[in-house]
Structure formats: structure tokens, C-alpha cells
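See structure below.
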Amino acid sequence: MYKTIDLFAGAGGITEGFRKAGYKCICANDVDEEAKHTFTFNHPDIPYLLKDIRELTAKEILDMGKCYASDIDVITGGPPCQGFSLAGQRISDDPRNILFREYIRITKDIQPKVIFFENVHGIMNMQAGKVLQAIVTEFGEIGYQCKYALVNAADYGVPQARPRFVLIGVRGEDKKITFPKPTHGKKMENNGQMNLFETTLLPYVTVEEALSNLPDIEQGEGLEEIKVKPYWNNEFQHDRIGVRSPGILYNHRATKHSRKVQERYAMIPQGCNNSVLPIEIRTKKQNAYKLDMSQPARTVTCNFRTDLIHPIMNRGLTVREAARLQSFDDDYCFFGNLTRKAKWLTQDDQVGNAVPPLLAYAFAEHIKKNILTQFEKE
């Protein structure tokens, strides 16, 4: 069984995807208490080091995981990259960049076969591409050749058009790096008939296909834990039942809205934002978008309660609905407050920041079959 370490693990989206592909995470690390609560509830057998990565050593990670550096196949994660500044062609010592340097440090000390690095798509254009060039250079200096691309989570069965930057690094210079081919694509109309863009691709998973079997709740309704009789309308819904607690639906609780907000939401057509409203009832917030049932969702952000409107109900999304759009199973439970009054990450933050498990799974399967096997031939 291939072994991983998950840095900047958050609520565990990457670990969940790699777990489903048959990997074993020996240790995870992050600095947020509620993220740890979520991660350890859903992955009780994985040690979670709640510690600032700047104070963390490779030895602590390996001791916690009870293994040697040579046992580690993949290090996963994506350090925050906002605010990068450069000195020449190298990442500077700006304190905002220190987290990336710590990622480099731990990778250098452990020397895994592969690194899986995920981040915001904007990283590709930061400072006219110089930030990305510097990242690749610094990975190269510790012995890793890299390949990167901008990918869309919808292409891998996630019901969400979520563009993300993914970099795969491989130790040594003699290995071939490839990316998984998309499994899903957009349907094209041809003389009234719906044909796949490519015959080998499945159609994108839509919002309706993702959410249609969830209990209908109005604004202000719902519970953190609901017992349900599992049923499904399609394969995606069937696969979200989960195996930890089948029949339990977590985090399906809707925010309460005023009558004015509900009336305003009701006037927005699917696939539009509130800029279509009469000017006299618009608010300063112009990015409240009503999901289109027939398409994958827009990107699930950390503000989905106000940024994404349910296509049928006149309310924002619940945590469970957002988690569905991120491809988490229904029994994957999130902990924490629903508001930002607390010190730690909210449930919304954890869901919005997560790597969709199905996206992580697609890369985990590909790395296992096409990259790690190259090391076994040595």
C-alpha cells in the first residue's frame, strides 16, 4: 500500500481522495483546531499534528506515522500562495512566503517519490508567471522535476466547474510525468440530438444530479445530523452514501433569511446573479449567483451561503449541499461554527477550501498506475 503525508491538510479532501484510491496517509498536519476535529472524525486512524508547520520537523512527522522516510511515496498539499513577492527569479524571504519554504524543507528532508501540489488557479499568473517559475526552480533544486496544468474539477466527475492549479513533482530526472485524462465533458447539440463532445467522455455531473435526492428544507430549517433512508437517482448520488455511517446525513442546515432577501432571491433566474434585479432593490453585493440546475455549479467558495443561491429554494446553500458539489460523501461530517465570530475555521471555510475528493482521487489513481510504477522497475 502506498503511503502519503498530507501537509496543509485542512478538513481532508486530498486525504479522502487518496484513501479511496487505496493509499494510506501516515500523518496529516495543519494549524486549525476545527479542521483537525473534522479530519480526525472522518479519518480516526490517521495521526493529525496540530502544529504550525514552521515548528514542525520531518522527524516528528515520521515518528508520529511510525515509519521511515524511505516508506513515503507521496507528499500532498498546497500551501497558501497569496502575496508572493520575488527577488530576481527566486521566491523572496517575505514572511508571507515562508509556508511554501516549509513545504520545500519537509519535502527535501523526507524525499518522497512524488509530490502532489494543488493551489488556486491564479498562481499561474502571479507576477507575470515569475512566481510559478520560481516554485518550479526551487523544487528542481531539491531534486524534483515538475509538470503542472490548470485543471477543471468538472472534468473528473465533480459537479462543479472549479479551475485549480495542479503540479506533480517526481524525484529524479528519468521519470515521465503525465496527467490523468478527463473522464467527463460537455454535451454538444447536433440536429436536436445530444452527443458527447468525445464518445469516451461521460457528461458533466449537473447541480440537479448532485442535489436532487437531498431532503427539501426551507431557509432556517434543517439539522446538523439527520437520519435518512438512502435512495438515489443516479450513480453520483449512490456513491455519496458513504460507508462510515450510511443513512446519516450531516450538516444539512439552512441559514435564515429575511423576507426581503427571500423575495430578492426569488426574482433571480437560474444561471444569473443579482445584477439582473431592478436597480431600486439591488444591494452592493453583486455576486450572489443562482445555480443552474442543468449545469455543474460555479466554484464553491468559503462564502457559499451568500454567493451561491439554491436553484429552487430561495436561500443560500447548506454545508451539505456545498459538500455534495465538492464531491464529499454524505457521512463526511464537518465541525465548527457557521459564522466567523470564532477563532477557528468555520464549516463553510473547510468545505470551500477543500480539494474535491473526486479530483484528488483521479490524480491518486493516475499517480499510482503511471508514475509510482516507474520506481518499482528500478
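The values are calculated or read from the model by the stated rules, or taken from the named source; none is laboratory data. Just so it is clear, the structure is predicted and the values come from calculations on it, not from any experiment. With ideal geometry, Cβ positions are generated from the backbone for all residues, glycine too; neighbour counts draw on all protein chains shown.
Some values worked out for this structure:
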{"item": "Inter-residue pairs, beta-carbon under 8 Å, first within 9 Å of Asp292 (Cα to Cα) and in segment 264-276, second of a type in the set (Lys, Arg), 6+ apart", "result": "Pro269/Lys290; Gln270/Lys290; Gly271/Lys290; Cys272/Lys290"}
{"item": "Some residue of segment 353-371 being surrounded by fewer than 24 Cβ atoms within 10 Å (Cβ to Cβ), farther than 30 Å from Gly172 by Cα and at pLDDT below 95", "result": "yes"}
{"item": "Lys36, sole failed condition from (1) under 24 Å from Asp330 (Cβ atoms); (2) of a type in the set (D, E, K, R); (3) at pLDDT below 95", "result": "(3)"}
{"item": "Residue count for segment 317-375, restricted to those that are out of contact with any strand residue (DSSP E or B) (no Cβ under 7 Å at 6 or more places or on another chain), more than 18 Å from Arg240 (Cα to Cα), among the aliphatic types (A, V, I, L, M) and assigned by TED's automatic domain parsing to the domain that holds Gly78", "result": "1"}
{"item": "Qualifying residue in segment 3-15 (condition: free of Cβ contacts under 8 Å to residues at least 40 places away in the same chain and of a type outside the set (D, E, K, R))", "result": "no"}
{"item": "Contacts under 8 angstrom Cβ, first residue in segment 233-248 being over 26 Å from Ala154 (Cβ atoms), partner among the β-branched types (Val, Ile, Thr), 6 or more apart", "result": "Gly247/Val228; Ile248/Ile226; Ile248/Val228"}
{"item": "Pairs with Cβ under 9 Å, 6+ apart, first in segment 365-377 and closer than 15 Å to Ile72 by Cα and assigned to a helix (DSSP H, G or I), second modelled with pLDDT of 95 or more and of a type in the set (S, T, N, Q)", "result": "none"}
{"item": "Qualifying residues in segment 255-305 (those that are among the polar types (S, T, N, Q) and closer than 23 Å to Asn152 by Cα) - the one modelled with the lowest pLDDT", "result": "Asn287"}
